[in-house]
Amino acid sequence: MTAVLDETPVATHGTGRRSSWSAALALALFEARRLLLSLPVLLAFAVYVAWIVWQTPDFEDGYPALQDADRAGQSTLLLVGLAVLVCVNQAVLRAKRRDTERHFAVLVLPGPWRTGAHALSLVPVVVLTAVCTLAQFGWSALRSGAVGSGSPGELLVGPLTVLLFGALGVLLARLVASPIAAPLITVVLILMFFVAGGFPAGDGERGLRWLTPVVTEASSQTLPASLLDRPAAWHALYLAGLALTLALLAVLAGGGRGWMLTAATAGAVALAVTGGVLQCAPVGADTRAARERASVSPEKLQTCVRHGSSTYCAFPDWTARTDSWADVVHDVQSSAGGTARTQPLLVRQRIDARYGLTADAAIEPSSTPHQVTVGTAWGGNRVPEFSAAVAAVLVAGDEKAAGSLCDGRMVTVMWLALNRLPHPMTSLRNVRLDDSVTGSAIVLSPTNPMSMTAGQTDVVRELLGRPAGEITPRVRAHWAELTAPKVTTAHVAELLGVAAPKAADKCE
Amino acid sequence: MRVSGQVRVGGQVRVGGQVRVARELLLPAGRALPWRSPAAGAGLGLLILAVPRLTDTEPAPWLALVLLRCAILAHAVGLAFLMDDPARHTTATVPTRRALRTAVRLALITPVTALWWTAALLLVPSHIRPPTGDLTLEAAAVCVLALAAGAAAVRLTDAPAPGVSVAAALLFTAVVAPLLLPDQWALFVPPGDQRWGVAHERWAGVLAGAVVLWGICLPEPLRRGPGALRLRSPCGTSDPSRT
Amino acid sequence: MIPTVSASGLSLRYGRAQALDDVSLRLTQGVTGLLGPNGAGKTTLLRVLATAVPADRGAFTVLGHDPAAPAGRQELRRGLGYLPQTPGFHPDFTAFEFVDYVAILKELTDRTARHREVRRVLDQVDLAEVRGKRIKKLSGGMRQRVALAAALVGDPGFLVLDEPTVGLDPEQRMRFRELIAQAGEGRTVLLSTHQTEDVAMLCHRVLVMAGGRIRFDGTPAELTARAAGRVWSSTERDPAAKAGWRTGTGSFRNVGSPPDGADLLEPTLEDGYLLTLDGADAEVAA
């Protein structure tokens, strides 16, 4: 008898809780559907998906490094986040705006549960965001030229940012019952991105800038994943903790009470603080040492492969790419004459990671004979740049000497570099800093740039217009003269059988 | 029972009476205006500009421009709510034209906006302030665009308070436009950029377009043309708010 | 009697829904009732006649003014009072301020005369006592009366009232009927309602709408007469009846086609309305 009496109220209580949960879940599903179908969210997703489709194939010229691809979409997701913020805020305020609050306030499901349901309604949007992020990353990862590895922490940042903004929208509605609050907060957030974007690494790599949801870097340099050392996992923890804190604060502001809620809020704050503090800690000494080592003495970390007579040394992630480099070297050497045709080269991948991602540092040219530097990026303009460096080393002997080439040899270098590429004229335009095919210009290479005079440009353009079968024998025949120091451009033009430029060589 | 001897006071007003209506309307329309939203927007705008002053840091010229543009956006978001009118259905069929009613609202908000803009400019130290005339053009274009979008919302929907949708649309445009506008259409150029002049010719175009849009949306249509976008039936007791 | 409002061929479509389907009518002075089920097109017809929304096709004039031209619409609106189905207010205005505001919008620019007029209509709707109170502090019935005062201000010749008695208690409804009857003296009033008693007590004419069309146009007596000989009493619910319910006396009141020798009852306006709608349904179905 006693047992029965004891049990009955417990059972009733349990049912009540459970029904509250299931009702809140049903409400969350209902609100989630409305949220996903609201016009701003639909538009934001449309823009985001269009951006993925438009951007991903060309990301890093089709040779993506996955340690960069994992955070490529984060900034664009802010748009989705802002749309979710405004829409979920309006959804929470709907009852007040439509004057149904008086009715809803006396329904079985209490106010705090309704607030909680609104916070839960964010989950499907966040999941959809995660699916989009994964699709974008997966697309990059499946490309044949992809190298490196992504970080789960970075992939989580996008969806968690959307969750954070949504939770902010719910909390805002519970604090300020005005429809203008969310649009105005959005303006403030837009301002913050501009300001944060203006100082991408304002106070070093770490520090307070990691408190913003999406942390961008000033550098476009691709580093090996192990040297990146972005505290992505701690940042994800920080975002998750912050989002949970805001959502639970909204439930508290909506009238929720009880020790479980208080404890959960305290736990969420603890998560946010832990993540927030740890992510801001300065870059560790071992990372600094590893970066120094990779920059100054890469040979200790690299694997070398032989293709033909030349050796190709790459960081572990990039060994697969040595084939592409070897193809370019083979093309350049097969057009050359003399000993250059068989000269063994050392192609070494080099980076300058001493400044982390805070700045793009130029790589010093190597003075080691017959050594060519190649960077971490590939595809697009990087191919003619590397090709130019190979040709310059074959003609001048080493990179340092190639940087100060100022005579007719520059014609030979550029012709060697470009004539076997699929679109020589386009490559000529791309490899020059000002995208021109006339006049003097700077020619880019993985290390220091080289310079072409207007006359050299005219001769190279003329040569590239002729069939390779006509020029190659002349290059081979006159190789020694063509590569002799101080040879004039006019003489080179004469040897190769094209019109000589009017102006004399004069380097700027 | 009609009050005997009552004059048809309405009968007095004909041509020229619109001015008197406008004058009489100023005070109640001023009371009916949703002041809180523009005030919040303007306040936030000034706050954005005041923060560097209060913290005694001097922003770089590019940052000063970003701050001013965000302040303009905040104010425009406030203005998006200006056409909200809870009494819209009650006053739907009065003889005073919508254009005149809107003009009265505009007459009330314009001096306030002008004052606000002056204060906003003064908050930025003169040596880092971007060209005042050009930036005033940007501000005018964005504010008129917000008002025109509000007028369009009133024209195309039956909602008494479309402000929040207008604000959302404005924000969406503000975020997406800088991302998607191709270079030859660039509007948001930094100071000292060689495209500054051309960009501000485009801003003048935006202003003109906004004014035209506003002009189109002001009159109440006599016919439901092909552009009649009211697709939802306003009838039925179950859906009175129809928003 | 000379018609004050005449409309022909009014049609209006919202997306796929035909809200008005070739509606023609003539209204004369006095109160005309508009009955019909939800979604019949009553509110749309009222909004078209009040110039709140233009019709897709058809034309109408009010007091000789044609709203198809801007000038005609202005003239029409100068003589129009409109109480929408869900009137909106500026909640911070007092009752007086709000009616005064509407009066200005109705181009009553002489301040003294206008204030006198506003006080008169507020008196007329029994709000003299609370005219200084903010609208947000007023009860639902009082707000409805503020909206009626806003419609009445400026002494319009044509009054369009969309379900003005919804949500009022019986006493308030009686009071409203009194006000509408008063307003109907020397004016044309078009009153949309779900309350057949309102029509029976107030209106000299009644229109019944269904499916966007006018199904009946006549006097309340004529509408009632449609049910003559079609209402009967029985001890059990008669399966032949279109509608039947047990009354307080315990017997069933049936409406429809009575069997031979049935105990016929005196019909009401509501019986006539129900039978008209039933006929309309049959017509639509056919």
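The values are calculated or read from the model by the stated rules, or taken from the named source; none is laboratory data. Keep in mind that this is a model prediction, so the values were computed, not measured. Methodologically, a virtual Cβ is constructed for each residue, glycine included, from the backbone with ideal geometry; neighbour enumeration extends over all protein chains shown. Only protein heavy atoms, including side chains, enter the accessible area calculation; ligands, DNA and RNA are left aside. Shrake-Rupley method; radii C 1.70, N 1.55, O 1.52, S 1.80 Å.
Conditions tested, residue by residue: (1) farther than 30 Å from B:THR157 by Cβ; (2) in contact (Cβ under 8 Å) with a residue 60 or more places away in the chain; (3) within 14 Å of another protein chain (Cβ to nearest Cβ).
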residue	(1), (2), (3)
B:MET83	no, yes, yes
B:ARG88	no, yes, yes
B:ALA92	no, no, yes
B:ARG101	no, yes, yes
B:ILE109	no, yes, no
B:LEU115	yes, no, no
B:LEU122	yes, no, no
B:PRO125	yes, yes, no
B:PRO130	yes, yes, no
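Per-residue answers, yes or no, for (1) of a type outside the set (S, T, N, Q); (2) open to solvent by 10 Å² or more (accessible area, probe 1.4 Å):
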residue	(1), (2)
C:ARG175	yes, yes
C:THR188	no, no
C:HIS194	yes, yes
C:ARG205	yes, yes
C:ASP217	yes, yes
C:VAL231	yes, no
C:THR235	no, yes
C:ALA243	yes, yes
C:ASP260	yes, yes
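Condition check ((1) more than 16 Å from A:LEU66 (Cα to Cα); (2) in a helix (DSSP H, G or I); (3) in the same structural domain as A:GLY153 (by TED's automatic domain parsing)) across all residues:
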| site | (1), (2), (3) |
| --- | --- |
| A:LEU223 | no, no, yes |
| A:LEU227 | no, yes, yes |
| A:ARG230 | no, no, yes |
| A:TRP234 | yes, yes, yes |
| A:LEU246 | yes, yes, yes |
| A:ALA250 | yes, yes, yes |
| A:GLY256 | yes, no, yes |
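Filtering region C:124-138 to residues that are without any contact (Cβ under 8 Å) to a residue 40 or more places away in the chain and touching a helix residue (DSSP H, G or I) at 6+ places or on another chain (Cβ under 9 Å) leaves C:LEU127, C:ALA128, C:VAL130, C:ARG131, C:GLY132, C:LYS133, C:LYS137.
Scanning region C:54-68 for residues that are open to solvent by less than 30 Å² (accessible area, probe 1.4 Å) and within 17 Å of C:LEU190 (Cα to Cα) turns up C:PHE60, C:VAL62. Taken over region C:65-90, the criterion of being more than 8 Å from every other protein chain (Cβ to nearest Cβ) and more than 14 Å from C:PRO156 (Cα to Cα) is satisfied by C:ASP66, C:ALA71, C:GLY72.
Applying the criterion of being away from chain B (no Cβ under 14 Å) and polar (S, T, N, Q) to the residues of region C:1-52, the residue that is surrounded by the most Cβ atoms within 10 Å (Cβ to Cβ) is C:THR32. Here region C:53-64 is the region considered, the condition is being of a type in the set (A, V, I, L, M, F, W, C) and at the interface with chain B (Cβ under 8 Å from one of its Cβ atoms), and the residue that is nearest to B:THR91 (Cα to Cα) is C:VAL53. Filtered by the rule that a residue be surrounded by fewer than 16 Cβ atoms within 10 Å (Cβ to Cβ) and part of a loop (DSSP other than H, G, I, E, B), region B:87-136 gives B:PRO125, B:PRO131. Pairs linking a residue in region A:392-406 that is in the same structural domain as A:LEU416 (by TED's automatic domain parsing) to a residue that is among the acidic types (Asp, Glu), with Cβ atoms under 8 Å and 6 or more positions apart or on different chains, are A:ALA392/A:GLU399; A:VAL393/A:GLU399; A:CYS406/A:ASP505. Taking the criterion of being farther than 27 Å from A:LEU171 by Cβ, part of a helix (DSSP H, G or I) and in contact with a helix residue (DSSP H, G or I) (Cβ under 6 Å, 6 or more places away or on another chain), the residues of region A:67-93 that qualify are A:GLN67, A:ALA69. Being open to solvent by less than 50 Å² (accessible area, probe 1.4 Å) and farther than 30 Å from A:SER149 by Cα holds for only one residue in A:LEU228, A:LEU223, A:LEU248, and it is A:LEU248.
Cβ-Cβ contacts under 7 Å between residues 6 or more apart (or on different chains), taken from a first residue in region A:170-194 that is closer than 16 Å to B:GLY163 by Cβ to a second residue that is open to solvent by less than 20 Å² (accessible area, probe 1.4 Å) and not in a helix (DSSP H, G or I), are listed as A:ILE180/B:PHE81. Taken together, the residues in region C:105-132 that are at pLDDT below 90, more than 15 Å from C:LEU152 (Cβ to Cβ) and open to solvent by less than 30 Å² (accessible area, probe 1.4 Å) amount to 2.
Taking region A:279-311 as the range and being open to solvent by less than 50 Å² (accessible area, probe 1.4 Å), out of contact with any Phe, Trp or Tyr (no Cβ under 8 Å at 6 or more places or on another chain) and assigned to a helix (DSSP H, G or I) as the test, the residues that pass are A:THR287, A:ALA289, A:ALA290, A:ARG291, A:SER295. A single entry from A:LEU43, A:LEU27 fulfils the requirement of being at pLDDT 90 or above and open to solvent by 10 Å² or more (accessible area, probe 1.4 Å): A:LEU43. Does C:GLY212 satisfy being over 15 Å from the mean Cα position of the chain (by Cα), within 14 Å of chain B (Cβ to nearest Cβ), closer than 26 Å to C:ALA17 by Cβ and touching a residue at least 24 places away in the same chain (Cβ under 8 Å)? Yes. Scanning region B:99-141 for residues that are aliphatic (A, V, I, L, M), over 16 Å from the mean Cα position of the chain (by Cα) and farther than 28 Å from B:PRO28 by Cβ yields a count of 7.
None of B:LEU46, B:LEU54 is open to solvent by 40 Å² or more (accessible area, probe 1.4 Å) and touching a residue at least 40 places away in the same chain (Cβ under 8 Å) except B:LEU46. The number of residues in region A:420-435 being farther than 20 Å from A:VAL347 by Cβ and either touching a helix residue (DSSP H, G or I) at 6+ places or on another chain (Cβ under 7 Å) or part of a strand (DSSP E or B) (or both) comes to 6. Condition test on B:ALA76, is it at pLDDT 90 or above, open to solvent by less than 20 Å² (accessible area, probe 1.4 Å), within 23 Å of C:VAL121 (Cα to Cα) and assigned to a helix (DSSP H, G or I)? It is false that B:ALA76 is at pLDDT 90 or above, open to solvent by less than 20 Å² (accessible area, probe 1.4 Å), within 23 Å of C:VAL121 (Cα to Cα) and assigned to a helix (DSSP H, G or I). The residues of region C:91-104 that are within 7 Å of chain B (Cβ to nearest Cβ) and open to solvent by less than 10 Å² (accessible area, probe 1.4 Å), listed by number, are C:PHE93, C:VAL102, C:ILE104.
Regarding region C:225-247, can at least one residue be identified that is part of a helix (DSSP H, G or I) and not basic (Lys, Arg)? Yes, region C:225-247 contains a residue that is part of a helix (DSSP H, G or I) and not basic (Lys, Arg). Counting only residues that are open to solvent by 10 Å² or more (accessible area, probe 1.4 Å), touching a Phe, Trp or Tyr at 6+ places or on another chain (Cβ under 7 Å) and either modelled with pLDDT of 90 or more or facing chain A (nearest Cβ under 8 Å) (or both), region B:148-186 holds 0 of them.
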